[in-house]
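What follows is a short report on a single structure.
The values are calculated or read from the model by the stated rules, or taken from the named source; none is laboratory data. Everything quoted here is computed from the prediction, not taken from an experiment. Every residue, glycine as well, gets a Cβ built from its backbone with ideal geometry; the counts of neighbours run over all protein chains shown.
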Amino acid sequence: MKRVFLILIALVFLNKIGFSTEQISDKLIIGNDTICLQTFPLEDLNFKIRPFKYGDYDFPHTACWRGYQATWKVIENKLFLIEVIRVDSIPDTLDLEQYFIKNGYEPKIINGLIYADWFTADLEKYPALYVNKGCIYRSYNPKKKKVVLKFDKGEMIENKKYGK
């Protein structure tokens, strides 16, 4: 009986780490490059209202539990949110300012873009090899995450060369 229990625990554990669905990444534009992120800065705000509804759910499928894909841009060493789109066959772009206000957060807007002044963390990129929603990925390996950029309140404080 003990062995059956251990096998069941092992199967549950392997299912959680070995066979999880790859998530559609956010995109980051820096200079002339666009990279795919393993980090989701908008999620740090823990908004109660989700950007889009997909029937009875806030997500379209298991490859995007967030229910959206965000595009970010580094301008003069600051991180800006420039777009949030729906990730199913119905194209839709979010009115960012209204979305933030609906969630009780007054965004800081500079030149029409939302400055990510809440974001203090590292942005990590996917290593490249296969394509999904405009991004190229290699199989997910949590031990091989690559730090791309470090931010403090939306200000870039460290830039490790992301292409190497």
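Screening the candidates I109, I75 for the property of being modelled with pLDDT of 95 or more, among the β-branched types (V, I, T) and surrounded by 14 or more Cβ atoms within 10 Å (Cβ to Cβ) yields one hit, I75.
Which of the residues spanning region 66-77 are under 24 Å from Q38 (Cβ atoms) and either without any contact (Cβ under 8 Å) to a residue 40 or more places away in the chain or not in a strand (DSSP E or B) (or both)? Before you say what the answer is, go through the steps one by one.
Here is the first cut: in region 66-77, the residues under 24 Å from Q38 (Cβ atoms) are 66-75, 77.
Of everything in region 66-77, those that are under 24 Å from Q38 (Cβ atoms) and either without any contact (Cβ under 8 Å) to a residue 40 or more places away in the chain or not in a strand (DSSP E or B) (or both) turn out to be R66, G67, Y68, I75, N77.
Every condition in (1) outside any strand (DSSP E or B); (2) within 25 Å of E22 (Cα to Cα); (3) touching a strand residue (DSSP E or B) at 6+ places or on another chain (Cβ under 8 Å); (4) without any contact (Cβ under 8 Å) to a residue 60 or more places away in the chain is met by F119 except one, and the failing one is (4). Checked against the criterion of being among the β-branched types (V, I, T) and within 13 Å of the chain's Cα centre (by Cα), region 89-99 contains not a single residue that satisfies it. Is it fair to say E22 is without any contact (Cβ under 8 Å) to a residue 60 or more places away in the chain and under 27 Å from V148 (Cα atoms)? It is false that E22 is without any contact (Cβ under 8 Å) to a residue 60 or more places away in the chain and under 27 Å from V148 (Cα atoms).
Of all residues in region 78-91, which are surrounded by 15 or more Cβ atoms within 10 Å (Cβ to Cβ) and outside any strand (DSSP E or B)? Explain how you work it out, then say what you get.
Within region 78-91, the subset surrounded by 15 or more Cβ atoms within 10 Å (Cβ to Cβ) is 78-87.
The answer is R86, V87.
Just so you know, in region 37-65 the residues that are touching a residue at least 60 places away in the same chain (Cβ under 8 Å) and assigned to a loop (DSSP other than H, G, I, E, B) include one that is surrounded by the most Cβ atoms within 10 Å (Cβ to Cβ), and it is T39.
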